[in-house]
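Notes follow once the structure below has been shown.
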Amino acid sequence: MDLELRVDSFATDLSQGLGKVAAGFVKDALFGMELAHSPRLSDIARALEEKIGLRATHKRLSRNAARSELAPIVSDNLLQQGASLVHDDTPLFLDWSTLLKNRAEKMEHLNAITDTKGNRVGRGYHFAEVVASEVDSDQMTPLSQSIWPETNPEAEFLSHTLELVARVRK
């Protein structure tokens, strides 16, 4: 099966519950990331090689990436798809790290990020990912990803531990 068909099939599964435009964005984003080997919108836009201008493609991708309904629906669909491959005895692995955005000036709720000794290393967000993998397997199944700021007036932040527990319970 060629790449475009595999991406189309995966995108269709991840897009269940989204409208036509949002589902098209998911397909374009996945296909572009695979071609570009990068999650950056500018790289994705270049890789898609659309007949419209590069700036117009980037603007379209950016506008669609900002859709508020996109992340929860795609995330839930990814979890459902991954959960079907996980058994009761499958180990789950939690990766908790930070996403540094030191050059960002207009992103909302950027926080000071510190290392384990309390030294400031930059500005950004906290990131958690839950993956499953069978023993003696080199294949990882993504189940849940989340990015959150420490300070967000729209959501109550209690602790990193509670954020991580919420990821695992989901």
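The values are calculated or read from the model by the stated rules, or taken from the named source; none is laboratory data. Everything numeric here is computed off the predicted structure, so don't read it as measured data. Virtual Cβ from ideal backbone geometry, glycine too; neighbours counted across all protein chains shown. In case anyone asks, the SASA skips ligands and DNA or RNA and just uses the protein heavy atoms, side chains included. Shrake-Rupley method; radii C 1.70, N 1.55, O 1.52, S 1.80 Å.
Summary table below
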item: Test: residue in the stretch 138-147 that is at pLDDT 85 or above, within 27 Å of Ala83 (Cα to Cα), open to solvent by less than 70 Å² (accessible area, probe 1.4 Å) and of a type in the set (Val, Ile, Thr); result: yes
item: The stretch 56-103: number of residues that are within 16 Å of Phe25 (Cα to Cα) and among the charged types (D, E, K, R); result: 5
item: Positions within the stretch 117-130 being hydrophobic (A, V, I, L, M, F, W, C) and in contact with a helix residue (DSSP H, G or I) (Cβ under 8 Å, 6 or more places away or on another chain), in sequence order; result: Ala128, Val130
item: Residues satisfying the stated conditions in the stretch 18-38, i.e. open to solvent by 50 Å² or more (accessible area, probe 1.4 Å) and either at pLDDT 95 or above or at negative phi (or both); result: Lys20, Val21, Lys27, Met33, Glu34, Leu35
item: Scan of the stretch 109-122 for residues that are part of a strand (DSSP E or B) and surrounded by fewer than 10 Cβ atoms within 10 Å (Cβ to Cβ), ordered by number; result: Arg120
item: Breaking point among (1) loosely packed, with under 14 Cβ neighbours inside 10 Å; (2) not in a helix (DSSP H, G or I), for Pro72; result: (2)
item: Selection count where residues are part of a loop (DSSP other than H, G, I, E, B) and open to solvent by 50 Å² or more (accessible area, probe 1.4 Å), scope the stretch 75-108; result: 12
item: Options Ala104, Ala132; residue that is within 29 Å of Thr12 (Cα to Cα) and over 15 Å from the mean Cα position of the chain (by Cα); result: Ala132
item: Positions within the stretch 39-57 being open to solvent by 70 Å² or more (accessible area, probe 1.4 Å) and under 27 Å from Gly17 (Cβ atoms), in sequence order; result: Pro39, Arg40
